[in-house]
Amino acid sequence: SRYRPDWASLDARPLPAWFDQAKVGVFVHWGVFSVPAWGSEWFWWHWQGEHRADYERFVQRRYPPDTTYTDFAPRFTAHDFQPREWAQLFQRAGARYVVLTTKHHEGFTNWGSPMSWNWNSLDTGPHRDLVGELGQALRESNIRYGLYHSLLEWFNPLYLADKESGFKTQNFVLKKTMPELYDLVLKYKPDLIWSDGDWEAPESYWNSTSFLAWLYNDSPVKDTVVVNDRWCNNCSCHHGGYYNCADKYKPGTLPAHKWEMCSSIDKLSWGYRSNMNIAELMDEASIIEELVQTVSFGGNYLLNVGPTKEGVIVPIFQERLLALGRWLDTNGEAIYESKPWRVQMENSTDTVWYTSKGPVVYAIFLIWPQGNVLELSSPTPSPATQVSMLGFAGTLKWQKSPGKGLVITLPYMLPSPLPPQSGWTVKLEGVK
């Protein structure tokens, strides 16, 4: 049966299973905004849309008089971009999918878009097809490929004219947005489309439902492609494939619909900032905590890095990604392909979180308990109960709690001046 271009029909499409199983992805924000590398990826808007004094001062101090935003494009060189090295890093980070910005709100496309003359990565800057090169490297590493794409462009004259008309005209959508989306799908056959830039205009303007009907019915990726929920000004958290709802969304209880939390290692920006400092970055413990909470609530975790204008993922970002990967090497069994359990977190604490796979329950605890004894009140043990710890050989001793639940004796940890890693997983078999 074919999908109709309306939300009732499109929302009924089952989400391809690979997405829920993947759990962990890496987001990459890369574009002309990586050249000033200051403030955030909204640089152009803050500078020339809002005329913020700090941005105007920054440009005056660092660039020749009369510099325009388009002057930054030739400096977006990607000289050091090694797509295979990126793919290897993302694989070691435990990512099962990667989402690259093909075009942010600035309108510059990271592929040779025929609709973006001289404002794309083939005509200027790198003179390379960044979308295609990364896609090939990821496919070789067996990582799924997602494309981020902004519907709007802040300063595109066609978009500004449509906006002026109260979005009664659709010149920008018909000549730019939609042709580019079709071009991306036909050229790169993405596994995921991460739409954004939806908030100013209604669905009737964007033609989103027509595009999605084609995507689900007739496109080369119709059976595998996954999309998010940012397709019109009130779609978020209501329509589309899985829900993002908002950047860094944390639901607090188990949502009824598949969702994804996107987060950024740099807490202040998605694009690269040359002046970031260590206190502004997420540490390993907070990344793992976000991942565990998200997966317990049935979500996917999409962690962002912003490469430099040369195409380098700076060592501190690599270090954070590799730390996540090492944790997943040990604890991934409790994350990948898991499902939420009947309880998401241990009563009155946000330091123990549950996931499950069939009859097996995993309790992930973020703080090592005093006296090496872990008390869990949610699982009900049986005579057949077996307890083990991921990354530790053998079974663990446990006994029934006087109240309900069980008390587990953990392996003895050698005293160490360093705080131990964050997060360990106890595997419970034969509990209810």
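The values are calculated or read from the model by the stated rules, or taken from the named source; none is laboratory data. Computed from a prediction, not measured in an experiment: that's the story for all the values here. Glycine gets a Cβ as well: all are built from the backbone with ideal geometry, and neighbour counts include every protein chain shown. Accessible surface areas use protein heavy atoms only, side chains included; no ligands, DNA or RNA. Shrake-Rupley method; radii C 1.70, N 1.55, O 1.52, S 1.80 Å.
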Candidate set: the range 369-388, residues that are open to solvent by less than 20 Å² (accessible area, probe 1.4 Å) and within 36 Å of the chain's Cα centre (by Cα); chosen: the one farthest from P359 (Cα to Cα): L374
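Among the candidates G25, G31, which residue alone is buried (at least 21 other Cβ atoms within 10 Å of the Cβ), out of contact with any helix residue (DSSP H, G or I) (no Cβ under 7 Å at 6 or more places or on another chain), farther than 27 Å from T124 by Cβ and not aliphatic (A, V, I, L, M)?
G25
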Identity of the residue in the range 128-141, part of a loop (DSSP other than H, G, I, E, B) and in contact (Cβ under 8 Å) with a residue 24 or more places away in the chain, that ends up most open to solvent (accessible area, probe 1.4 Å): R128
The correct count of residues that are in a strand (DSSP E or B), at pLDDT below 95 and among the hydrophobic types (A, V, I, L, M, F, W, C) in the range 375-423 is 2
In the set I287, I265, I313, I364, which member is in contact with a Ser or Thr (Cβ under 9 Å, 6 or more places away or on another chain), among the β-branched types (V, I, T), crowded, with 16+ Cβ neighbours inside 10 Å and in the same structural domain as T102 (by the TED database)? I287
If W44 satisfies every condition in (1) farther than 30 Å from R144 by Cα; (2) surrounded by fewer than 22 Cβ atoms within 10 Å (Cβ to Cβ); (3) among the aromatic types (F, W, Y) but one, which is the exception? (2)
Only helices (runs of 4 or more DSSP H) wholly contained in the range 2-96 count here; list those with 2 or more residues that are within 25 Å of the chain's Cα centre (by Cα) and more than 30 Å from S236 (Cβ to Cβ). 83-92
Can you confirm whether K168 is of a type in the set (D, E, K, R), over 23 Å from S9 (Cα atoms), open to solvent by 10 Å² or more (accessible area, probe 1.4 Å) and free of Cβ contacts under 8 Å to residues at least 60 places away in the same chain? yes
Quick one: Y159 ticks every box in (1) open to solvent by less than 10 Å² (accessible area, probe 1.4 Å); (2) in contact with an Asp or Glu (Cβ under 7 Å, 6 or more places away or on another chain); (3) in contact (Cβ under 8 Å) with a residue 40 or more places away in the chain except a single one, so which number is it? (3)
So if I check each of E106, E50, which one is acidic (D, E) and either touching a strand residue (DSSP E or B) at 6+ places or on another chain (Cβ under 6 Å) or crowded, with 23+ Cβ neighbours inside 10 Å (or both)? E106
Restricting the range 232-244 to residues that are more than 11 Å from the chain's Cα centre (by Cα) and of a type in the set (S, T, N, Q), the one least open to solvent (accessible area, probe 1.4 Å) turns out to be S236
Answer yes or no as to whether D218 is open to solvent by 10 Å² or more (accessible area, probe 1.4 Å), in contact (Cβ under 8 Å) with a residue 24 or more places away in the chain and not polar (S, T, N, Q). no
Can you name the condition, by its number, that A279 falls short on among (1) surrounded by fewer than 15 Cβ atoms within 10 Å (Cβ to Cβ); (2) of a type in the set (G, A, S); (3) under 30 Å from K222 (Cβ atoms)? (3)
Candidates D247, D223, D229, filtered to the one that is assigned by the TED database to the domain that holds A95, open to solvent by less than 10 Å² (accessible area, probe 1.4 Å), charged (D, E, K, R) and farther than 22 Å from L328 by Cβ: D229
Would you mind stating whether L174 is more than 27 Å from E203 (Cα to Cα), among the aliphatic types (A, V, I, L, M), modelled with pLDDT of 95 or more and surrounded by fewer than 21 Cβ atoms within 10 Å (Cβ to Cβ)? no
With respect to G125, is the statement that it is among the small types (G, A, S), open to solvent by 10 Å² or more (accessible area, probe 1.4 Å), in a loop (DSSP other than H, G, I, E, B) and assigned by the TED database to the domain that holds V24 true? yes
